[in-house]
Amino acid sequence: MREVSVHILRDKIKELVQEVNFYYPRDIDKKIKEAAINETSKIGKETLELLIKNSEIAAREKIPICQDTGMVIVFLTIGQEVHFTDGLLTDAINEGVALGYEEGYLRKSIVEEPVFDRINTKNNTPCIIYTSIVAGTEVELEIGTKGFGSENMSTITMLKPAQGVNGVKEAVIAAIKKAGPNACPPMVVGVGLGGTFDYAAVLAKKATLRSCESSNADPRYAQLENELLVLANELNIGPQGLKGDTSVLKINVEYFPTHIAGMPCAVNISCHVTRHAKVVL
Ligand code: SF4
């Protein structure tokens, strides 16, 4: 049994929520710089160059890349030989979020209930926490801070199995087309296939956090990622919706076993500020 103090998680989350808001992750930075070189639309190219300049100012001044500093999502993969000490894990994670948003002067965007008074909690908590238990003694911490301009454009479709891969393509491309300029393109798109209604959405969220330099390990799904990317960029939405070749930087697909009668398809839309980080503790 390995003992891990929840204070370690709290402090790491405090650090990471600031880091992802101040600096583009390496994969996003690389993709946007490549796109700026390859973009053939004049206004598209200028827009990408502005995004790069914006990110350089943010990094230099330690200010957020975007005013929407997001809702924090935490995926924790916990080795079952780990015993957490020094308090409740959930409290420590939320404490890390609150400390990070306070220390980094990041906008607090969370309201305590969604429909009636919508009172701001003033510390950007609570965050969303997903845990999974695996063998071993390690703790993998993966975080994202999700902006809602793009989150609001996400969709879920309960496809019939007979709709097959073409049905998946239609659902994903329809979601991207509908998102258009509202999702602050160039977008990163996470697609979750299989599982249940709810779990497909979790898979899609996890897919947005996967590196844009990676592919699905299954070559059929890797090919689907590539084909979807080509189709998405043919939509000519362009950087910030101003037309151009670069509408989507990457489409990541994750899948899970599902019921014989269904083929859930969730599309989680993310933006050019797809903030994500992963560490092993
Ligand atoms: S969708 Fe992304 S780029 Fe647009 S406002 Fe939200 S965080 Fe910022």
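The values are calculated or read from the model by the stated rules, or taken from the named source; none is laboratory data. Computed from a prediction, not measured in an experiment: that's the story for all the values here. No Cβ is skipped: glycine too gets one built from the backbone with ideal geometry, and neighbour counts run over all protein chains shown. When the accessible area is computed, the model is the full protein with side chains, heavy atoms only, and any ligands, DNA or RNA have been set aside. Shrake-Rupley method; radii C 1.70, N 1.55, O 1.52, S 1.80 Å.
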Discussion item. Tell me yes or no: at least one residue of the stretch 234-252 is assigned to a strand (DSSP E or B) and more than 16 Å from the ligand (Cβ to nearest atom).
Written reply: yes
Worksheet item: Hey, does the stretch 150-163 have a residue that's hydroxyl-bearing (Ser, Thr, Tyr), open to solvent by 10 Å² or more (accessible area, probe 1.4 Å) and part of a helix (DSSP H, G or I)?
Response: no
Fill in: Matching residues in the stretch 117-153 - criterion: being charged (D, E, K, R), over 14 Å from the mean Cα position of the chain (by Cα) and at negative phi
ASP117, GLU138, GLU140
Discussion item. I'm trying to understand the selection: among the residues of the stretch 66-91, which are acidic (Asp, Glu) and surrounded by fewer than 19 Cβ atoms within 10 Å (Cβ to Cβ)?
Written reply: GLU81, ASP86, ASP91
Worksheet entry | Selected residue [in contact with a Leu (Cβ under 8 Å, 6 or more places away or on another chain) and open to solvent by less than 30 Å² (accessible area, probe 1.4 Å)] from ASN216, ASN252, ASN268 | ASN216
Item to complete: Identify all residues within the stretch 30-81 that are within 15 Å of the ligand (Cβ to nearest atom) and of a type in the set (Asp, Glu); write none if there are none.
Response: ASP68
Item to complete: Go through the stretch 164-191 and count every residue that is assigned to a helix (DSSP H, G or I) and either within 16 Å of the ligand (Cβ to nearest atom) or over 27 Å from HIS276 (Cα atoms) (or both).
Response: 13
Item to complete: Kindly provide the set of residues from the stretch 37-47 that are polar (S, T, N, Q) and open to solvent by less than 30 Å² (accessible area, probe 1.4 Å), ordered by number.
Response: SER41, THR47
Worksheet item: Which of the residues that make up the stretch 192-206 are assigned to a helix (DSSP H, G or I) and within 17 Å of the chain's Cα centre (by Cα)?
Response: ASP198, TYR199, ALA200, ALA201, VAL202, LEU203, ALA204, LYS205, LYS206
Worksheet item: Would you say LEU50 is of a type outside the set (Val, Ile, Thr) and either closer than 27 Å to THR196 by Cβ or open to solvent by 80 Å² or more (accessible area, probe 1.4 Å) (or both)?
Response: yes
Practice prompt. Would you check if there is a residue in the stretch 28-36 being open to solvent by 20 Å² or more (accessible area, probe 1.4 Å), of a type in the set (A, V, I, L, M, F, W, C) and in contact with a strand residue (DSSP E or B) (Cβ under 8 Å, 6 or more places away or on another chain)?
Written response: no
Practice prompt. Using the structure shown, decide if THR246 is buried (at least 20 other Cβ atoms within 10 Å of the Cβ), in contact with a His (Cβ under 8 Å, 6 or more places away or on another chain), within 24 Å of LEU51 (Cα to Cα) and among the polar types (S, T, N, Q).
Written response: no
